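We did not get these values from a lab; they are worked out from the coordinates using the rules stated. Nothing here was measured: the structure is a model prediction, and the numbers come from that model. Counting neighbours? That spans all protein chains shown, and the Cβs are built from the backbone with ideal geometry, glycine included.
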Amino acid sequence: MNDLATTSPAIRVRHLWHRFGRFDVLRDVSFEVAHGEIFGFIGPNGAGKTTTIRIMATLLEPMAGRVEVDGFDVTIDPDIVRQRIGYMPDHAGVYERVTVREYLEFFADAYRVPTAGTSYAVVDAVMELTDLTKLREKLVATMSKGMKQRLQLARTLLHDPKVLILDEPASDLDPRARIEIRDLLVELRAMGKTVFLSSHILTELADVCTSVAILERGRLVVSGPIEDIARRLEASTQPQPQAVEEPQTETGPKTVRLPQPQVPLRTLKLRVLAPGESVAAILAGVPAVKRVGPGPASTVLVGYVGDEQTVATVVRVLVMGGIPVVGVEPERNELERIFLEVTRGEVQ
Ligand SMILES: Nc1ncnc2c1ncn2[C@@H]1O[C@H](COP(=O)(O)OP(=O)(O)OP(=O)(O)O)[C@@H](O)[C@H]1O
Ligand SMILES: [Mg+2]
């Protein structure tokens, strides 16, 4: 194996620019994806996700900047990059008048995957992995959209690529199929693959991604491991106490006044076996709690300033006050919170 490949990240994007006509679609985008990550590429419609992905997949040449996959430049070594990636485009068609097995065998041949005569062990293994074995003799034309999407994913795995690049892999899937795809991505990661996938549906990525990059109007807003971004956000929104000296009085020492910090209000969703009013009455004694109100589906929303210690205090005070607490969760998951905060331009 090339030395570069062992030391380079799975994907490296450096100062990438792309333009359609007079419109800069990508503006100085840089980020890295480490080996073994499930990396979510998030952004609203038109942000430039597909354009970035097409450049990674060697289908579009970057106008400026560098993109490398496993240490190989997509412009200089496109053939090597193509061997290393499994690329699943958004909304690509599939051949319809063949069975699932024939479809996969056709692509196994196209990728020149070694076979023992007419036996396609790889196809069997991929069908097993993607839960298509039972559908092996089904005509592609008669499959649902979700099944076709699974077939597409199966196709990308045939040549055992190191890096999967999936553009909105779950866009046509029902909730059960989404969960199945998520489980499959986790399994692929456990097999040592790197998974890069785009989505504008945050909840789809929150449980499965180890790192994310958020793109907004062609610019990268933030990237990195989800916990690191959350910690950076935390630090950037923590109060920075800057003492202000009051004018000296004749009678005593200088008084020092700390400005009121601008800390964000977080919201907790509680499930309790008691009326919301009694929760509000008990939490009135907790200074960190700023707001108590009704939430969806008989939950109670508690607005607070603080961290997980504050959450523990809230639960303790309620339980000691005789309120049976049966559920505690943040109103938004970590990724949704990050997305909302960074796309308001609060951190860079
Ligand atoms: N071939 C093209 N010619 C001209 N403009 C294009 C072309 N492809 C994309 N664009 C424009 O580039 C911008 C980014 O498009 P892109 O498809 O990369 O966004 P996206 O983030 O993938 O969006 P979506 O979530 O809708 O898939 C859009 O404004 C789009 O109209
Ligand atoms: Mg797209």
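Quick notes
- The chain - mean residue ellipticity at 222 nm from DSSP helices (-39,500 (n - 2.57) per run, n ≥ 4, rounded to 500): -9500 deg cm²/dmol
- Highest-fluctuation residue, Ile229, Ile76, Ile42 considered, GNM on the chain with Cα pairs under 10 Å: Ile76
- Charge dipole of the chain about the Cα centre (unit charges at C-beta), most positive-ward option of Val325, Leu197, Phe106: Val325
- Rounded to the nearest 20 debye, the dipole magnitude of the chain is 560 debye, with +1 charges on Lys and Arg beta carbons, -1 on Asp and Glu beta carbons, and the Cα centre as origin.
- Considering only beta bridges that DSSP places wholly inside the chain, some 70 percent are antiparallel.
- Efficiency of FRET between Asp207 and Val315 - r from beta-carbon atoms, R0 22 angstrom, step 0.05: 0.40
- Distance between the stretch 80-147 and the stretch 148-198 - C-alpha centres, whole angstrom: 13
- Packing-based exposure ordering (other Cβ within 10 Å, fewest first) of Tyr111, Tyr304: Tyr111, Tyr304
- As a calculated quantity, the FRET efficiency between Ala284 and Asp73 at R0 = 45 Å, using C-beta atoms, amounts to about 0.15.
- The chain: most fluctuating residue of Thr130, Thr115, Thr210 per GNM, C-alpha cutoff 10 Å: Thr115
- Lys pairs, the chain - Cα-Cα below 17 angstrom, 8 or more residues apart or on other chains: 5
- Most mobile of Met56, Met143, Met127 in a GNM of the chain (Cα contacts under 10 Å): Met143
- Nearest-20 debye value, the stretch 266-342 charge dipole, Cβ charges on Lys, Arg, Asp, Glu: 180
- Descending semi-axes in whole angstrom, ellipsoid equivalent of the stretch 266-342, from the Cα gyration tensor: 21, 14, 11
- Principal axis analysis of the Cα atoms in the chain yields extents of 95, 49, 39 Å, listed in decreasing size.
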